[in-house]
Number of protein chains: 2
Amino acid sequence: MSDTWLDEIKWTEEGLCPVIAQQAESGKILMFAWMNRESLALSVAEGYAIYWSRSRKRLWRKGEESGHRQKIIDISIDCDEDVILLKIEQEGGIACHTGRESCFYRRLIDKQWQTAEPVLKDPQQIYKKHE
Amino acid sequence: MSDTWLDEIKWTEEGLCPVIAQQAESGKILMFAWMNRESLALSVAEGYAIYWSRSRKRLWRKGEESGHRQKIIDISIDCDEDVILLKIEQEGGIACHTGRESCFYRRLIDKQWQTAEPVLKDPQQIYKKHE
């Protein structure tokens, strides 16, 4: 029951670690968020991504409102032990709160951030059912 | 000559933005680093990744010592405008200072971070020529 793997992570002063969520099958980057020690331990225990919401200052079970949970397939850490890479299966195929597959939907074209991915589902539909 | 696209980024208090570098062709995540406004503007101008080294507190032209430059193929920003995704071509096929393709070479297996990728080139060979 060793927590050595958690101790090895170089948490920030706030006790956080940046996390990249990548669609396991396609390799697409879906989002970027933060975890603290508790949320990472819970993620591993439950098999689904649980982040630390810096704005709400609480655990954020991804999909708790939208249903768009992220099943964890694989977890890696970088050479500096301060960034985590999650390979996940994105339930519902939507990671972004705008209703798009990925949060990285704007590309730099002609020095403008241009929207390059469609909204797959109206956010009002995504979040309505839990209001 | 508008810099609006730079102004739109929500830089941290230190003037930084996290950057994910992804191999364009394979989708593999190679590394995670930081940019400031100057380094991002230079990256776009030069077409190669230039980061801000937080430890050395200076611009870090990726590959300046190793020769392992990162040619920029595509740049995206996330919905919160505070994370950048670079799709790159990794020259030399090695992004990590340990001589591996990716910095994310350790996987969580049985609650241990286990090395899952080979060293492609001895770091002493990589960095020797510029000493």
Identify all residues within segment A:13-27 that are under 18 Å from B:ASP80 (Cβ atoms) and in a loop (DSSP other than H, G, I, E, B); write none if there are none.
-> A:GLU14
Within segment A:1-28, the count of residues that are closer than 19 Å to B:PHE32 by Cβ, within 11 Å of chain B (Cβ to nearest Cβ) and surrounded by fewer than 14 Cβ atoms within 10 Å (Cβ to Cβ) comes to 1
Looking across segment A:29-62 at residues that are under 10 Å from the mean Cα position of the chain (by Cα) and assigned to a loop (DSSP other than H, G, I, E, B), the single one that is surrounded by the most Cβ atoms within 10 Å (Cβ to Cβ) is A:ALA49
Out of (1) within 25 Å of A:LEU86 (Cβ to Cβ); (2) surrounded by fewer than 20 Cβ atoms within 10 Å (Cβ to Cβ); (3) within 12 Å of chain A (Cβ to nearest Cβ), the one B:LEU120 does not meet is (3)
Somewhere in segment B:44-67, is a residue out of contact with any Ser or Thr (no Cβ under 9 Å at 6 or more places or on another chain), within 11 Å of chain A (Cβ to nearest Cβ) and closer than 20 Å to B:ARG100 by Cα?
-> no
Unique residue being within 25 Å of A:ILE84 (Cβ to Cβ), β-branched (Val, Ile, Thr) and at the interface with another protein chain (Cβ under 10 Å from one of its Cβ atoms) when the list is B:ILE77, B:ILE88, B:ILE73 = B:ILE77
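Can you confirm whether A:GLU101 is part of a strand (DSSP E or B) and in contact (Cβ under 8 Å) with a residue 60 or more places away in the chain? It would help to see each step written out before you state the result.
Numbers: part of a strand (DSSP E or B): no; in contact (Cβ under 8 Å) with a residue 60 or more places away in the chain: yes.
When the stated conditions are applied, A:GLU101 does not pass them.
Every number here is computed from the coordinates shown, using simple stated rules; none is lab data. If you're wondering where the values come from, they're calculated on a predicted model, not measured in any experiment. All Cβ positions, even for glycine, are placed from backbone atoms using ideal geometry, and neighbour counts span all protein chains on display.
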